[in-house]
Structure formats: structure tokens, C-alpha cells
Amino acid sequence: MSIEKKIVSQASFEKLVLQLKEEGKRIFAPVKKGTIIGFDEISSLQEMTNDYIVTKQSAKSVAFPKAEKLLSFQSTKEGVMMKDKDFNAIPEVVLIGARPCDAAGFNSLNAIFNWDTQDALYTTRFSRTTIIGISCSKSDAKCFCTSVNGNPGSTEGSDILLTLIDNGNYLAEIVTEKGTALASKYASLFEAAPEVDKEKYLANVPVAFDVDAVLKGIVSSFDNPLWVEQSLRCISCGACAFVCPTCACFDIQDITIGAEHSRKRSWDSCGFSLFTIHTSGHNPREVQSQRWRQRVMHKFAYMPDRQQIVGCVGCGRCSRACSVDMNLKEHLINLAEEIAK
Amino acid sequence: MESIRKKAKELIESNAVQLVIGYGEGSDNAVRTLFVRKPEDADKLIYDKRCVQNLAFYLMKHEVKHMGKIGIVAPLTVMRTVLQLASENQVKEANIVVLGLGADNSLLNLNSFKEIQEHIATRDLLLPEKENARITEIDGMSKEQRWDFWTDELSRCIKCYACRAACPMCYCIRCQVECNQPQWITAEATPMGNMEWHLMRAMHLAGRCVNCGECARACPLDIPINLLTYKTVLTVKDHFNVSAGTAAEMESVLSSYKIDDKENFIN
């Protein structure tokens, strides 16, 4: 469908948030708390910060929370009483201020959580989420969206994409049916748009490497010594995976608190040494270089192969969160160079 | 800096060590660990105020420790970690050459764990001023305020375990948080699960933490978790007059019994 363009003034944007809130929607937007900017629930637009390149953590927790109850159970004299997750309690959410890379990240999550068996919980949460993205007017050296098919003004993944233009006004691109539904419900806040040269308001993110060459050559680089060399300084924590908008691995454990038992899933990371350990004690990925390779391979070989999508959106969060300067952009440039040899 | 490069080069050239772990330039003005295996790479070594990572972590890393004998650029916290690891039988003196750095950042000529120990005895082991002030501030809170403070800080935790991964003293192959038969610590990143995890981590580091601050530095969410372990440093010093990482041979404070141990905590 063609993308309809409107103008949303700052005042209308504020009104929109208030009215969505009144309607009962939960609204998440970038909020600054201490030194960290993250997606938090807001009740007015004033609580949101605009001073961010990307938030520290991705927006994925809106549909894929860091810890989530799948079911609960109680042991009684009559036996074990099971209680399913109450899907009706899953809220309608509006996510404001997701960057184009965040929005694109949901395409990866959608592909993974609907790959073979549909993940009902994720899918329900996502179906009740409307994404009002905001284009990037600035970037930093860790950003590389343009190297992985994205760009600072990409509408991919957003339901509505806002781009800040002159006088505090936003160009609103109505991308999806969800976006259309929201824009027509609050039609008075969306004014007719004049011709706008959107490009001039966007950050400039230079292309760092040829992604097609990486996709083509990565599998044959499986035994390349670069994985060992790159990961020597990696400390095997899960920071990169947990801030990543496309990492979807989780662990499931039963948790007992008092008489209440629940089965919960929590984020997991292929960087952890125990991630692949077998009951026998054998670990197919026993050293960090194998785990680092897996992380990159999953995004640039296995996801393109299985889900026909590049599993990295170039947000650079992993590189910013890393305490030992594992820089994904740099590593992918090295990989592209190795492949070209 | 030149003396570190020269020494590293000598060590590699003479094959006295196969690897020197030090600091080098990283991306976007960051510092990253440099693994020097060729003499010419020694020229890439740097040392300035950005070089704060506790490199002793790599002495315990599988891929690194199997490279051979290791030289390591060692500001105070690294020297202390090496001694603490030695006291826990995790590193052997024969396998490590410590390029110790003095308080003025000059390269010291320390040729044994004993000499390192003697040097550390001359150094100021106090906590960094800023952290010390925060601990005093938290100590001044009421029990309820303190609980709220930590509940709020720890609620951000996503259990990425960067704190554990970065800590050179957290070297267990299977951490207690990963034991689930039975489960000791709630695995999920909820306020309660996070509180359990961080209290457990602090207790396991009591008497072992060398206050390098690596845990807090590694935390992607800027949770000041080093304050928990720093508090144990102060408590252990206060009760047992022991500081971790000051001798290559010392008993673990919390797992050794002495007849004159204070018992005044028993009410």
C-alpha cells in the first residue's frame, strides 16, 4: 500500500499521547532515568526525552519481556492445578520513539517467533502493539543501519513513522493498517502535508561494508581464524544479546515462591558457556570463539537462510553495551575484508 | 609507556613469555585489551587513565591461558587480583610475569609474588573516594530507605551477568545462579530475582573482592553493584583486619576458622 503523508504538530503529538492514554492504551517511550535512557511507560509526552541516538536497551521487551510467566500451577490434595496465561490481560501498547532500527528489529523477532510453531504469547503482545517510530536526525560511530538494508528514515517495521522537520512539526508517514487505524481515529491531529524533502532531516550513516558479500561468504568463513582473534577479549557475558533488538533466545525454568509455582521464560544468550551444554557434560560450543561465531553466524547466515531476513539491524547497541570494546561494525568490516581475500 | 613496551618486547623476543596482556587503543577513543604475541605488536601497548579494565580476568580465560606463559601489564588492582587468584590456587607463579606499575604508573621491577606482596604493602588500598562517599551515604539511610534504594537500582538488572563475567574472581565453571536442581536463586530478572542474585554475588566475593570495580564498569545499565562488594571489603577489613589480594598465600576469610574469631555477631 502506498504511504500516506501527514503533518503532526508538537501540540497535536502531545494531545495524541493524552488521548491514547485516556483510551486505556499503555504508552512506552524513551525516558531518561539517571544515566540511562530506556523505554518506560509515560502518561504525557513531556516525560519523553528526544536526546538519544538509540536507547540503551532495545524496544523488544514490549513484546518479549525480560521475564515472563508462561503458566502457573499449584500442588493441592486433588492434584496439580494448572493455570494458563491470561491472554486477555495482555495490554494494548503504543510504542513511541522507536528508531527505524528498533522497528526493523521486530521484523526479525516476528520471523523467529512465527518460524515453525507460532509463539502465541509473543504474537499476541506484538499484535496489540502499535509502533510510532521516529527517524534519526543524528547517529554515532557505532551505527551501521545502512550496511544492513536499513536507513535513518526507513519506514520498515513502523506503523507510523515521524520525522522531525521545521518548527517542531513532524512529517508522519502512515505505513500500515494499524497506523491507518490510529491516524483515522485521531484524524483531526493529522494535518495535510506539503511536499517535504525528508532526506535533509535525516542523519548521515555511511555504508560500512557490503552486506551481500558478507551474506554470500560468511558460511565458508566458518573455520577462519578471525573468530578466535576477534573474541579473545570477549568476556562471555550476555550484555550484547540482551540489549539486541533481534536476539530472541530464552530459557524456561520453574520458579517456586511459597506455594505458588510458575513456569517462566527469561532472556538467554548464546554467549554463555552453559547455553549449549548437554546433559552428558559435552559442550559443542565449549570456547568463546565458537560462541562468538555462532552469534554472528545466526544473524548473517542462519536467519537469512531460514527466515529470509538479515538478523541484524545495525543499531550498534551491542557495541555500546560491551565493556571490552567488541565492536560489531568493525568485526563485520573485518569479516567482509576476509571474505574478499 | 615506553618502558612497558620495551619490557613486553624483551619478554616476547626472548620467549620468556608467549603472550603479554596489556592495554591498546580500541574504537572511538575506547581502550581494549591487547594480546601481544609478536615483538612488533608491543609498540601498540598504551597506558593512560583510560586503562582501567582488570586484565587479570584473562588469566582465567580458557583460550588465553592455554597460549603459554603470560606477561601481564598490572596496575594495582591487577597485581592484587593475581595474588588473590594465587591464594585460591588458580594461578601459578611459574606461569606468570607481572609487569607491575607503581602509584606513579612507572614500571616496577617485581620479580616474584613475594616482591609484589611487599610492594602492595606500601600502597594505599582504600576504596575510590567517590564510592566511599556513596557507601557512607547509604550507611546513613534507614533500613527501609536502603531497601528502597537497592530495589530501585537493581530493578534495572537484566541478568546479562556482565558483572560476573567481568569479575576475575567469579571463575566458577557453574555459578550457583545456574544450579537448578534444586534452584537456589530465582533465575528470572525480576526485582526479587535480581536482589537474590546480587546479594549472593556480593556474599561470594566477601573477603575476595579486590575492589577493582570491574563489575560496575561492565554493567550496561550503570547499576553501582561495586558498592555491594566494596561494602564487604570494608566489613571484612573491619572484622578480620584482612584485605584480599595482599598475599599469595592466605586463607580465605570466610571459609577458615580461627579460635580467636569474634563471635559478637551471635545474639
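Would you confirm, using the coordinates I've provided, whether A:Lys56 is buried (at least 19 other Cβ atoms within 10 Å of the Cβ) and charged (D, E, K, R)?
Against the criterion (buried (at least 19 other Cβ atoms within 10 Å of the Cβ) and charged (D, E, K, R)), A:Lys56 qualifies.
Out of (1) within 14 Å of chain B (Cβ to nearest Cβ); (2) closer than 17 Å to A:Cys101 by Cα; (3) not β-branched (Val, Ile, Thr), what's the single condition that is false for A:Leu202?
Tallying (1) within 14 Å of chain B (Cβ to nearest Cβ); (2) closer than 17 Å to A:Cys101 by Cα; (3) not β-branched (Val, Ile, Thr), A:Leu202 fails exactly one: (1).
I'd like the full set of residues that are within 14 Å of chain B (Cβ to nearest Cβ) and in contact with a Leu (Cβ under 7 Å, 6 or more places away or on another chain), limited to region A:317-341.
The answer is A:Cys318, A:Ser319, A:Asn334.
Return only the number of the condition from (1) of a type in the set (A, V, I, L, M); (2) facing chain B (nearest Cβ under 7 Å); (3) closer than 23 Å to A:Pro304 by Cα that A:Ile218 does not satisfy.
(2)
Mind listing just one residue for me: the one in region B:131-160 that is of a type in the set (Lys, Arg) and within 14 Å of chain A (Cβ to nearest Cβ) and, of those, surrounded by the most Cβ atoms within 10 Å (Cβ to Cβ)?
If we take residues in region B:131-160 being of a type in the set (Lys, Arg) and within 14 Å of chain A (Cβ to nearest Cβ), then B:Lys159 is surrounded by the most Cβ atoms within 10 Å (Cβ to Cβ).
When region A:103-131 is examined, which residues are found to be without any contact (Cβ under 8 Å) to a residue 24 or more places away in the chain, part of a loop (DSSP other than H, G, I, E, B) and not β-branched (Val, Ile, Thr)?
A:Asn114, A:Asp116, A:Gln118, A:Asp119
Please verify whether region A:149-166 includes one or more residues that are in contact with a helix residue (DSSP H, G or I) (Cβ under 9 Å, 6 or more places away or on another chain), in a helix (DSSP H, G or I), polar (S, T, N, Q) and surrounded by fewer than 24 Cβ atoms within 10 Å (Cβ to Cβ).
No, every residue in region A:149-166 fails to be in contact with a helix residue (DSSP H, G or I) (Cβ under 9 Å, 6 or more places away or on another chain), in a helix (DSSP H, G or I), polar (S, T, N, Q) and surrounded by fewer than 24 Cβ atoms within 10 Å (Cβ to Cβ).
Could you check region A:221-271 and list, in sequence order, the residues that are assigned to a loop (DSSP other than H, G, I, E, B), within 17 Å of A:Glu68 (Cα to Cα) and within 10 Å of chain B (Cβ to nearest Cβ)?
Those that are assigned to a loop (DSSP other than H, G, I, E, B), within 17 Å of A:Glu68 (Cα to Cα) and within 10 Å of chain B (Cβ to nearest Cβ): A:Asp268, A:Ser269.
Pull up region B:161-185, narrow it to residues that are assigned to a loop (DSSP other than H, G, I, E, B) and not hydrophobic (A, V, I, L, M, F, W, C), then point me to the one that is surrounded by the fewest Cβ atoms within 10 Å (Cβ to Cβ).
The selected residue is B:Gln181.
Could you tell me which numbered condition B:Gln90 fails, if it satisfies all but one of (1) assigned to a loop (DSSP other than H, G, I, E, B); (2) at pLDDT 95 or above; (3) over 21 Å from B:Ile21 (Cα atoms)?
(3)
Within region B:186-223, which residues are facing chain A (nearest Cβ under 10 Å) and not in a helix (DSSP H, G or I)?
If the condition is that a residue be facing chain A (nearest Cβ under 10 Å) and not in a helix (DSSP H, G or I), then B:Thr186, B:Ala187, B:Glu188, B:Ala189, B:Thr190, B:Cys219, B:Pro220, B:Leu221, B:Asp222, B:Ile223 are the ones that fit.
For region B:1-55: of the residues being of a type in the set (Phe, Trp, Tyr) and under 17 Å from B:Asn105 (Cβ atoms), which is farthest from the other protein chains (Cβ to nearest Cβ)?
Filtering region B:1-55 for residues that are of a type in the set (Phe, Trp, Tyr) and under 17 Å from B:Asn105 (Cβ atoms), the one farthest from the other protein chains (Cβ to nearest Cβ) comes out as B:Tyr47.
Among (1) over 30 Å from B:His62 (Cβ atoms); (2) touching a strand residue (DSSP E or B) at 6+ places or on another chain (Cβ under 6 Å); (3) within 14 Å of chain B (Cβ to nearest Cβ), there is one condition A:Val196 misses while meeting the rest; what is its number?
(3)
Name every residue in region A:272-310 that is under 19 Å from B:Lys159 (Cα atoms), assigned to a loop (DSSP other than H, G, I, E, B) and more than 11 Å from every other protein chain (Cβ to nearest Cβ), in order of residue number.
Matches in region A:272-310: A:Thr276 only.
The values are calculated or read from the model by the stated rules, or taken from the named source; none is laboratory data. None of the values given here were measured: they were computed from a predicted structure. Using ideal geometry, Cβ is built from the backbone for each residue, glycine included, and neighbour counts are taken over all protein chains shown.
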